[in-house]
Ligand code: TXA
Ligand code: MG
């Protein structure tokens, strides 16, 4: 049985206590963060963490992020805390930034997918922080079945996990919409493993140039250090096609594609930052922040409306645009059309 705990109107300490107790007992509790919903369990409880992998259908070598509520919790998880980690944490936590550091023995290998590093972040959501404070550091991947778009509404979690986890805290829509930026600080030079809700430009202002892992921009390449990158990701049932290029040309190309697919009898969905004529349309908003916030919701929603193909407008790869394009390209399985 799954209990849905309504906290849409804000934090409720009495309900948080109940949910915190479930975590301590080794149960699975989905909860909102500012980025996406997470599927949480006690990060130091092997058995509980194993259930996360089972529930998601997640490959055992794809490590989880451990969520903390105080900087001091980091000392219980990481063996070494380099200067850059202190600087970044000071500046951006709580927030959509995950740091990969050498792990302590206390952190089970199940949690870290067998790696000797641990990914840690302090989420900027009052419900997430309260839940951690009421329990323990919480391991939580995005609360979606492996391969599906990440959940930005409790309804998405209900769709994927109702009846299969103990509780879902409904805190309303998440506001960043893409997952946290992952920076590896365990090796020689700071390296971006996943672009996300904190723009790379912001990070570089503070610690200087960050290397970009080769898998971030293009197709998956090698992947011992970033195992998450080699799997199919973010995909709705309908195939996704991304159209990239200069704005005017993109418009023309999308119109062309809509006409082409419709003539073949497909029901066509379009997600874009301006209106299009199609069988189904999802408006992503104006700014790149809007697009990030609406991206996963659009993919799930167009699927729900039963389209046969989704055509998505690309955005510029600046600021949050880097994360948006990373997710969109993966969602499309790299079906990219350049206008
Ligand atoms: O915003 C977020 O990060 C959300 C919310 C719930 O906090 N969580 C999330 O978790 O997106 P997940 O499991 O969907 O993605 C975690 C990413 C994966 O790409 C994984 O490979 C990487 O972080 N990761 C975790 N631990 C790692 C480690 N020790 N070394 C390298 N990459 C790691
Ligand atoms: Mg995920």
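Every read-out reported here was derived from the displayed coordinates using simple, explicitly stated rules and does not represent laboratory data. Source: prediction; values computed, not measured. Every residue, glycine among them, receives a Cβ derived from its backbone with ideal geometry; neighbour counts consider all protein chains shown.
In segment 1-128, the DSSP beta bridges split such that about 75 percent are antiparallel, to the nearest 5. Expressed in units of 2.2 N^0.38 Å, where N is the residue count, the Cα radius of gyration of the chain is 0.97.
What angle, in degrees between 0 and 90 and rounded to the nearest 10, separates the Cα long axis of helix 46-56 from the longest principal axis of the Cα atoms of the chain? So the helix axis and the longest Cα principal axis differ by about 10 degrees. Just checking the listed ones, 157, 66, 307: in the Gaussian network model of the chain with Cα springs under 10 Å, the one fluctuating most is 307.
Rounded to two decimals, the Cα-based Rg/Rh of segment 12-139, with Kirkwood Rh, is 0.94.
Each 10 Å bin from zero holds the following percent of Cα-Cα pairs in segment 125-227: 12, 35, 33, 19, 1.
A Gaussian network model of the chain, with springs between Cα atoms under 10 Å, assigns the largest mean-square fluctuation among 72, 279, 159 to 72.
Among 162, 234, 266, the residue with the largest mean-square fluctuation in a Gaussian network model of the chain, with springs joining Cα atoms closer than 10 Å, is 266. Our summary gives the chain a relative contact order of 19 percent, counting only alpha carbon pairs under 8 angstrom and 6 or more residues apart.
Going by neighbour counts of Cβ atoms within 10 Å, the residues 250, 178 line up, fewest first, as 250, 178. Each DSSP beta bridge with both residues in the chain is either parallel or antiparallel, and the antiparallel ones are about 35%. Counting neighbouring beta carbons within 10 Å and listing from fewest to most, the residues 233, 156 come out as 233, 156.
Within segment 1-47, the proportion of C-alpha pairs whose separation exceeds 14 Å stands at 54%.
Please work out the FRET efficiency for the pair residue 263 and residue 175, using the Cβ-Cβ distance as r and a Förster radius of 35 Å; give the result to the nearest 0.05. Each step should come with its number before you reach the end.
On the way: r = 39 Å, r/R0 = 1.13.
The value I calculate is 0.35.
The calculated FRET efficiency for the pair residue 54 and residue 252, based on their C-beta separation and a Förster distance of 35 Å, comes to about 0.15. Counting other Cβ atoms within 10 Å as a rough exposure proxy, the listed residues 93, 175 run 175, 93 from fewest neighbours to most. Between 0 and 90 degrees, the angle of helix 288-304 with respect to the longest Cα principal axis of the chain falls at about 80 degrees. A Förster distance of 35 Å, applied to the separation of the beta-carbon atoms of residue 188 and residue 70, puts the FRET efficiency at 0.75.
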